[in-house]
Amino acid sequence: MSAARGSGGARGGGRAGAAPLQATDHMPALQALLQALPFACAAFARGDGALLAANGLYHEEFAALEGHTRREGLLQALHGSDVDIDAGNEVRAPHNDRWYSLYWRDTEHAGQALSLLTAVDISERIEALDSHKSRQEKLLFTSRLMSVGEMAATLAHELNQPLAAIVNYLNGSLRLVDQAGGPVQVERALQAARTQAEHAAAVISRVREFVRAREPRRDTQDLATIAATVLELLRLEAERQQLRIDVALAAPLPAVYADRVMIEQVLLNLVKNAIEAMREVAPAQRGLRIEGRVNLDDEIEVRVCDRGQGLSQAESEQLFSPFYTTKADGLGIGLAICRSIIEYHEGRLFFEPREGGGSVFGFTLPRAEGRV
(Lines give C-alpha, C1' and ligand atoms only; values in the text may rest on other atoms or scores of the structure.)
Protein backbone atom coordinates (compact mmCIF):
# COMPACT_ATOMS: atom_id res chain seq x y z
CA MET A 1 0.00 0.00 0.00
CA SER A 2 1.42 3.38 -0.94
CA ALA A 3 2.37 5.71 1.88
CA ALA A 4 1.10 8.78 0.00
CA ARG A 5 -2.64 8.77 0.51
CA GLY A 6 -4.61 11.79 -0.55
CA SER A 7 -8.20 12.33 0.35
CA GLY A 8 -8.85 13.52 -3.18
CA GLY A 9 -11.29 16.19 -4.19
CA ALA A 10 -15.01 15.89 -4.76
CA ARG A 11 -15.97 12.34 -5.50
CA GLY A 12 -17.53 13.31 -8.78
CA GLY A 13 -14.36 15.01 -10.01
CA GLY A 14 -13.33 14.10 -13.57
CA ARG A 15 -16.51 12.12 -14.35
CA ALA A 16 -18.42 14.75 -16.31
CA GLY A 17 -19.41 13.58 -19.76
CA ALA A 18 -18.76 9.88 -19.08
CA ALA A 19 -21.61 7.92 -20.65
CA PRO A 20 -22.67 4.83 -18.68
CA LEU A 21 -22.36 1.61 -20.64
CA GLN A 22 -25.76 -0.05 -20.95
CA ALA A 23 -26.25 -3.67 -19.99
CA THR A 24 -26.90 -6.16 -22.75
CA ASP A 25 -30.53 -6.81 -23.51
CA HIS A 26 -30.54 -10.36 -22.15
CA MET A 27 -29.33 -9.31 -18.70
CA PRO A 28 -31.93 -6.87 -17.29
CA ALA A 29 -32.33 -8.93 -14.12
CA LEU A 30 -28.60 -8.77 -13.37
CA GLN A 31 -28.59 -5.04 -14.09
CA ALA A 32 -31.48 -4.51 -11.66
CA LEU A 33 -29.74 -6.61 -9.02
CA LEU A 34 -26.48 -4.68 -9.31
CA GLN A 35 -28.37 -1.40 -9.17
CA ALA A 36 -29.85 -2.36 -5.79
CA LEU A 37 -26.44 -2.95 -4.18
CA PRO A 38 -24.94 -0.18 -2.01
CA PHE A 39 -21.43 -0.56 -3.50
CA ALA A 40 -19.98 -0.04 -6.95
CA CYS A 41 -20.56 -3.34 -8.80
CA ALA A 42 -19.94 -4.53 -12.34
CA ALA A 43 -20.19 -7.78 -14.30
CA PHE A 44 -17.58 -8.57 -16.97
CA ALA A 45 -17.62 -11.41 -19.51
CA ARG A 46 -15.14 -14.00 -18.32
CA GLY A 47 -14.06 -14.68 -21.87
CA ASP A 48 -13.21 -11.34 -23.51
CA GLY A 49 -13.53 -9.21 -20.36
CA ALA A 50 -16.16 -6.87 -21.78
CA LEU A 51 -18.38 -4.97 -19.34
CA LEU A 52 -21.88 -6.46 -19.54
CA ALA A 53 -23.69 -4.76 -16.64
CA ALA A 54 -22.91 -2.20 -13.94
CA ASN A 55 -24.77 -0.14 -11.42
CA GLY A 56 -24.80 3.64 -11.25
CA LEU A 57 -22.23 3.72 -8.47
CA TYR A 58 -19.71 1.91 -10.65
CA HIS A 59 -20.09 4.53 -13.37
CA GLU A 60 -19.84 7.34 -10.83
CA GLU A 61 -16.66 5.91 -9.33
CA PHE A 62 -14.79 4.58 -12.39
CA ALA A 63 -16.20 6.10 -15.61
CA ALA A 64 -13.32 8.60 -15.64
CA LEU A 65 -10.81 5.73 -15.89
CA GLU A 66 -9.72 4.93 -19.40
CA GLY A 67 -10.45 1.28 -20.11
CA HIS A 68 -13.11 0.90 -17.42
CA THR A 69 -15.41 -0.86 -19.91
CA ARG A 70 -13.11 -3.88 -20.03
CA ARG A 71 -11.88 -5.98 -17.15
CA GLU A 72 -8.23 -5.91 -18.27
CA GLY A 73 -8.37 -2.16 -18.85
CA LEU A 74 -9.74 -1.56 -15.37
CA LEU A 75 -7.06 -3.75 -13.79
CA GLN A 76 -4.38 -1.97 -15.79
CA ALA A 77 -5.65 1.44 -14.67
CA LEU A 78 -5.91 0.48 -10.99
CA HIS A 79 -2.92 -1.82 -10.56
CA GLY A 80 -0.59 -0.98 -13.42
CA SER A 81 -0.99 -4.61 -14.52
CA ASP A 82 -3.61 -6.70 -16.26
CA VAL A 83 -2.92 -9.68 -13.98
CA ASP A 84 -5.75 -10.71 -11.68
CA ILE A 85 -5.39 -10.12 -7.94
CA ASP A 86 -6.60 -11.77 -4.77
CA ALA A 87 -9.98 -10.74 -3.39
CA GLY A 88 -9.99 -7.82 -1.01
CA ASN A 89 -6.88 -6.12 -2.43
CA GLU A 90 -6.75 -2.44 -1.50
CA VAL A 91 -5.86 0.07 -4.21
CA ARG A 92 -5.84 3.80 -4.69
CA ALA A 93 -7.59 4.97 -7.84
CA PRO A 94 -5.34 7.36 -9.78
CA HIS A 95 -8.20 9.48 -11.13
CA ASN A 96 -9.69 10.55 -7.79
CA ASP A 97 -7.10 9.55 -5.14
CA ARG A 98 -9.71 7.48 -3.29
CA TRP A 99 -9.06 4.03 -1.81
CA TYR A 100 -11.08 0.94 -2.75
CA SER A 101 -11.18 -2.66 -1.63
CA LEU A 102 -11.81 -4.80 -4.70
CA TYR A 103 -13.53 -8.19 -4.54
CA TRP A 104 -13.69 -10.44 -7.63
CA ARG A 105 -15.94 -13.50 -7.90
CA ASP A 106 -16.55 -15.85 -10.80
CA THR A 107 -20.20 -16.68 -11.40
CA GLU A 108 -22.72 -17.49 -14.15
CA HIS A 109 -25.94 -15.83 -15.24
CA ALA A 110 -28.25 -16.93 -18.05
CA GLY A 111 -25.55 -19.26 -19.33
CA GLN A 112 -23.00 -16.44 -19.42
CA ALA A 113 -19.71 -16.92 -17.52
CA LEU A 114 -19.12 -13.72 -15.56
CA SER A 115 -16.45 -12.11 -13.46
CA LEU A 116 -18.24 -10.02 -10.84
CA LEU A 117 -16.54 -7.01 -9.24
CA THR A 118 -17.53 -5.29 -6.00
CA ALA A 119 -15.57 -2.12 -5.17
CA VAL A 120 -15.97 -0.77 -1.62
CA ASP A 121 -14.83 2.80 -0.97
CA ILE A 122 -12.58 2.61 2.14
CA SER A 123 -11.07 6.10 1.93
CA GLU A 124 -12.42 7.22 5.29
CA ARG A 125 -11.08 4.10 7.02
CA ILE A 126 -7.65 4.55 5.44
CA GLU A 127 -7.54 8.20 6.46
CA ALA A 128 -8.60 7.30 10.01
CA LEU A 129 -5.85 4.66 10.21
CA ASP A 130 -3.28 7.15 8.91
CA SER A 131 -4.40 9.72 11.45
CA HIS A 132 -4.29 7.13 14.24
CA LYS A 133 -0.81 6.03 13.19
CA SER A 134 0.39 9.61 12.97
CA ARG A 135 -0.83 10.33 16.51
CA GLN A 136 0.81 7.18 17.83
CA GLU A 137 4.12 8.04 16.16
CA LYS A 138 3.98 11.59 17.49
CA LEU A 139 3.29 10.37 21.02
CA LEU A 140 6.07 7.79 20.75
CA PHE A 141 8.47 10.43 19.47
CA THR A 142 7.57 12.75 22.34
CA SER A 143 8.05 9.92 24.84
CA ARG A 144 11.48 9.11 23.44
CA LEU A 145 12.42 12.77 23.32
CA MET A 146 11.43 13.28 26.93
CA SER A 147 13.25 10.09 27.93
CA VAL A 148 16.41 11.31 26.27
CA GLY A 149 15.99 14.74 27.82
CA GLU A 150 15.37 13.36 31.29
CA MET A 151 18.36 11.02 31.13
CA ALA A 152 20.57 13.69 29.58
CA ALA A 153 19.66 16.14 32.33
CA THR A 154 20.28 13.49 35.00
CA LEU A 155 23.64 12.49 33.52
CA ALA A 156 24.67 16.11 33.06
CA HIS A 157 23.87 16.88 36.67
CA GLU A 158 25.62 13.78 38.02
CA LEU A 159 28.73 14.19 35.85
CA ASN A 160 29.13 17.90 36.39
CA GLN A 161 30.17 17.59 40.03
CA PRO A 162 32.87 14.90 39.60
CA LEU A 163 34.28 16.77 36.61
CA ALA A 164 34.53 19.94 38.69
CA ALA A 165 36.29 17.95 41.40
CA ILE A 166 38.72 16.49 38.86
CA VAL A 167 39.61 19.97 37.58
CA ASN A 168 40.21 21.17 41.15
CA TYR A 169 42.45 18.17 41.95
CA LEU A 170 44.45 18.76 38.77
CA ASN A 171 44.90 22.44 39.58
CA GLY A 172 46.10 21.49 43.05
CA SER A 173 48.49 18.92 41.62
CA LEU A 174 49.90 21.48 39.19
CA ARG A 175 50.57 23.90 42.04
CA LEU A 176 52.34 21.16 44.04
CA VAL A 177 54.47 20.17 41.05
CA ASP A 178 55.38 23.80 40.44
CA GLN A 179 56.31 24.34 44.08
CA ALA A 180 58.37 21.14 44.27
CA GLY A 181 60.04 21.74 40.91
CA GLY A 182 58.78 18.42 39.61
CA PRO A 183 59.51 16.93 36.19
CA VAL A 184 58.28 18.87 33.16
CA GLN A 185 56.67 15.73 31.74
CA VAL A 186 54.43 15.39 34.79
CA GLU A 187 53.40 19.03 34.55
CA ARG A 188 52.54 18.66 30.87
CA ALA A 189 50.52 15.52 31.56
CA LEU A 190 48.58 17.27 34.31
CA GLN A 191 47.90 20.27 32.07
CA ALA A 192 46.67 18.00 29.28
CA ALA A 193 44.40 16.16 31.73
CA ARG A 194 43.01 19.48 33.01
CA THR A 195 42.33 20.64 29.44
CA GLN A 196 40.39 17.47 28.67
CA ALA A 197 38.41 17.70 31.92
CA GLU A 198 37.49 21.33 31.19
CA HIS A 199 36.44 20.33 27.68
CA ALA A 200 34.21 17.57 29.08
CA ALA A 201 32.66 20.04 31.52
CA ALA A 202 31.92 22.41 28.63
CA VAL A 203 30.22 19.59 26.69
CA ILE A 204 28.07 18.74 29.72
CA SER A 205 27.12 22.39 30.09
CA ARG A 206 26.01 22.56 26.44
CA VAL A 207 23.92 19.40 26.88
CA ARG A 208 22.13 20.93 29.85
CA GLU A 209 21.44 24.11 27.90
CA PHE A 210 20.19 22.07 24.95
CA VAL A 211 17.75 20.12 27.15
CA ARG A 212 16.46 23.28 28.79
CA ALA A 213 16.03 24.99 25.41
CA ARG A 214 13.64 22.38 24.00
CA GLU A 215 10.50 23.96 25.42
CA PRO A 216 7.19 22.82 23.92
CA ARG A 217 4.46 25.18 22.76
CA ARG A 218 1.58 25.75 25.15
CA ASP A 219 -1.83 27.09 24.21
CA THR A 220 -5.53 26.57 24.91
CA GLN A 221 -6.48 22.89 25.05
CA ASP A 222 -9.71 21.00 25.73
CA LEU A 223 -9.22 18.10 28.16
CA ALA A 224 -12.23 16.22 26.79
CA THR A 225 -10.59 16.14 23.35
CA ILE A 226 -7.27 14.99 24.85
CA ALA A 227 -9.02 12.23 26.81
CA ALA A 228 -10.92 11.08 23.71
CA THR A 229 -7.67 10.87 21.73
CA VAL A 230 -5.96 8.80 24.42
CA LEU A 231 -8.92 6.44 24.82
CA GLU A 232 -9.01 5.82 21.08
CA LEU A 233 -5.33 4.87 21.16
CA LEU A 234 -5.96 2.43 24.01
CA ARG A 235 -9.35 1.12 22.87
CA LEU A 236 -8.01 -2.21 21.55
CA GLU A 237 -5.90 -2.77 24.67
CA ALA A 238 -8.94 -2.11 26.89
CA GLU A 239 -11.02 -4.54 24.85
CA ARG A 240 -8.37 -7.24 25.17
CA GLN A 241 -8.38 -6.76 28.93
CA GLN A 242 -12.21 -6.83 29.00
CA LEU A 243 -12.10 -3.41 30.59
CA ARG A 244 -14.48 -0.49 30.30
CA ILE A 245 -13.08 3.00 30.82
CA ASP A 246 -15.48 5.58 32.24
CA VAL A 247 -14.85 9.28 31.68
CA ALA A 248 -16.34 11.71 34.17
CA LEU A 249 -15.30 15.26 33.34
CA ALA A 250 -17.11 18.07 35.10
CA ALA A 251 -19.26 20.15 32.79
CA PRO A 252 -18.31 22.71 31.89
CA LEU A 253 -14.59 22.05 32.41
CA PRO A 254 -12.41 25.10 31.64
CA ALA A 255 -9.73 24.86 28.98
CA VAL A 256 -6.16 24.27 30.16
CA TYR A 257 -2.93 26.00 29.20
CA ALA A 258 -0.79 23.14 27.94
CA ASP A 259 1.11 21.42 25.16
CA ARG A 260 -1.45 18.99 23.78
CA VAL A 261 0.92 16.17 22.76
CA MET A 262 2.76 16.23 26.08
CA ILE A 263 -0.42 16.04 28.15
CA GLU A 264 -1.67 13.27 25.90
CA GLN A 265 1.55 11.43 26.66
CA VAL A 266 1.07 11.86 30.41
CA LEU A 267 -2.54 10.70 30.35
CA LEU A 268 -1.66 7.82 28.01
CA ASN A 269 1.07 6.65 30.37
CA LEU A 270 -1.16 6.85 33.45
CA VAL A 271 -4.04 5.00 31.79
CA LYS A 272 -1.70 2.29 30.44
CA ASN A 273 -0.26 1.83 33.93
CA ALA A 274 -3.78 1.54 35.33
CA ILE A 275 -4.70 -1.11 32.76
CA GLU A 276 -1.55 -3.09 33.53
CA ALA A 277 -2.22 -2.83 37.28
CA MET A 278 -5.49 -4.73 36.80
CA ARG A 279 -4.25 -7.62 34.68
CA GLU A 280 -4.34 -10.01 37.63
CA VAL A 281 -7.74 -8.75 38.81
CA ALA A 282 -10.89 -10.68 37.84
CA PRO A 283 -12.62 -8.97 34.89
CA ALA A 284 -15.79 -8.42 36.90
CA GLN A 285 -13.83 -6.41 39.47
CA ARG A 286 -11.88 -4.24 37.05
CA GLY A 287 -12.78 -0.59 36.97
CA LEU A 288 -10.97 2.35 35.37
CA ARG A 289 -12.27 5.87 35.66
CA ILE A 290 -10.91 9.19 34.37
CA GLU A 291 -12.15 12.19 36.33
CA GLY A 292 -11.72 15.89 35.70
CA ARG A 293 -12.69 18.82 37.89
CA VAL A 294 -11.67 22.25 39.17
CA ASN A 295 -10.00 21.86 42.56
CA LEU A 296 -9.96 24.25 45.53
CA ASP A 297 -6.83 25.98 44.17
CA ASP A 298 -8.75 26.83 40.96
CA GLU A 299 -6.57 24.40 38.96
CA ILE A 300 -7.82 21.75 36.58
CA GLU A 301 -7.29 18.37 38.23
CA VAL A 302 -7.30 15.08 36.29
CA ARG A 303 -7.46 11.76 38.14
CA VAL A 304 -6.95 8.22 36.75
CA CYS A 305 -8.53 5.71 39.15
CA ASP A 306 -8.01 1.94 38.96
CA ARG A 307 -9.00 -1.15 40.96
CA GLY A 308 -5.59 -2.82 40.95
CA GLN A 309 -3.66 -4.23 43.89
CA GLY A 310 -2.53 -0.80 45.05
CA LEU A 311 0.92 0.19 46.34
CA SER A 312 2.67 -0.09 49.67
CA GLN A 313 3.80 2.97 51.61
CA ALA A 314 7.44 2.32 50.63
CA GLU A 315 6.54 1.99 46.93
CA SER A 316 4.43 5.14 46.94
CA GLU A 317 7.29 7.17 48.43
CA GLN A 318 9.64 6.26 45.53
CA LEU A 319 7.17 6.24 42.66
CA PHE A 320 8.39 9.37 40.92
CA SER A 321 12.10 8.73 41.38
CA PRO A 322 14.02 8.16 38.10
CA PHE A 323 14.69 4.49 37.34
CA TYR A 324 12.45 3.21 40.15
CA THR A 325 9.78 0.76 38.96
CA THR A 326 7.40 -1.83 40.34
CA LYS A 327 7.38 -3.70 37.02
CA ALA A 328 9.67 -6.66 36.37
CA ASP A 329 10.47 -5.38 32.86
CA GLY A 330 10.13 -1.64 33.48
CA LEU A 331 12.81 1.03 33.15
CA GLY A 332 11.45 3.33 35.82
CA ILE A 333 11.42 6.45 33.65
CA GLY A 334 7.72 6.73 32.73
CA LEU A 335 6.42 8.45 35.86
CA ALA A 336 9.61 10.50 36.19
CA ILE A 337 9.02 11.84 32.68
CA CYS A 338 5.37 12.50 33.47
CA ARG A 339 6.39 14.46 36.56
CA SER A 340 8.84 16.53 34.50
CA ILE A 341 6.13 17.33 31.97
CA ILE A 342 3.57 18.31 34.60
CA GLU A 343 6.06 20.40 36.56
CA TYR A 344 6.97 22.20 33.35
CA HIS A 345 3.25 22.99 33.04
CA GLU A 346 3.32 24.50 36.56
CA GLY A 347 1.29 21.62 37.93
CA ARG A 348 1.92 18.64 40.17
CA LEU A 349 1.72 14.88 39.70
CA PHE A 350 0.42 12.92 42.68
CA PHE A 351 -0.60 9.48 43.91
CA GLU A 352 -3.11 8.41 46.53
CA PRO A 353 -4.77 5.10 47.46
CA ARG A 354 -8.26 4.64 46.08
CA GLU A 355 -11.03 4.10 48.56
CA GLY A 356 -12.23 0.52 48.30
CA GLY A 357 -8.93 -0.67 46.78
CA GLY A 358 -6.72 0.41 43.94
CA SER A 359 -4.78 3.54 43.10
CA VAL A 360 -5.37 7.09 41.96
CA PHE A 361 -2.77 8.91 39.87
CA GLY A 362 -3.55 12.52 39.14
CA PHE A 363 -2.11 15.78 37.90
CA THR A 364 -3.04 19.43 37.86
CA LEU A 365 -2.84 22.01 35.09
CA PRO A 366 -3.42 25.77 35.01
CA ARG A 367 -6.42 27.34 33.34
CA ALA A 368 -5.94 28.79 29.87
CA GLU A 369 -7.95 31.84 30.84
CA GLY A 370 -5.65 34.81 31.25
CA ARG A 371 -2.68 32.97 29.68
CA VAL A 372 -3.39 33.44 25.98
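Here are the numbers:
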quantity	calculated
Residue in region 132-139 that is more than 27 Å from residue 205 (Cα to Cα), among the charged types (D, E, K, R) and at pLDDT 80 or above present	no
Any chance residue 77 is buried (at least 19 other Cβ atoms within 10 Å of the Cβ) and modelled with pLDDT under 90	yes
Of all residues in region 151-191 being free of Cβ contacts under 8 Å to residues at least 60 places away in the same chain and of a type in the set (Ser, Thr, Tyr), the one that is most open to solvent (accessible area, probe 1.4 Å)	169
Whichever residue in region 288-337 is outside any strand (DSSP E or B) and at pLDDT 85 or above and, among such residues, is surrounded by the most Cβ atoms within 10 Å (Cβ to Cβ)	306
Residue satisfying all of: in region 350-362; surrounded by fewer than 22 Cβ atoms within 10 Å (Cβ to Cβ) and of a type in the set (A, V, I, L, M, F, W, C); nearest to residue 290 (Cα to Cα) among these	360
Criterion violated by residue 194 - all others in (1) touching a helix residue (DSSP H, G or I) at 6+ places or on another chain (Cβ under 7 Å); (2) open to solvent by 40 Å² or more (accessible area, probe 1.4 Å); (3) modelled with pLDDT of 85 or more satisfied	(3)
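For every residue, the table says whether it meets (1) of a type in the set (S, T, N, Q); (2) part of a loop (DSSP other than H, G, I, E, B); (3) surrounded by 18 or more Cβ atoms within 10 Å (Cβ to Cβ).
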| position | (1), (2), (3) |
| --- | --- |
| 236 | no, no, no |
| 242 | yes, yes, no |
| 253 | no, yes, no |
| 263 | no, no, yes |
| 267 | no, no, yes |
| 270 | no, no, yes |
| 279 | no, yes, no |
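Listed here are the residues, each with its yes/no results for (1) within 30 Å of residue 195 (Cα to Cα); (2) modelled with pLDDT of 85 or more; (3) surrounded by 14 or more Cβ atoms within 10 Å (Cβ to Cβ).
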residue	(1), (2), (3)
93	no, yes, yes
99	no, yes, yes
107	no, yes, no
113	no, yes, no
124	no, yes, no
130	no, no, no
142	no, no, yes
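The values are calculated or read from the model by the stated rules, or taken from the named source; none is laboratory data. It should be emphasised that the depicted structure is a prediction, and the values quoted were computed from it without experimental measurement. Neighbour counts run over all protein chains shown; Cβ positions are idealised from the backbone, glycine included. Note: areas computed on protein heavy atoms with side chains; ligands, DNA, RNA excluded. Shrake-Rupley method; radii C 1.70, N 1.55, O 1.52, S 1.80 Å.
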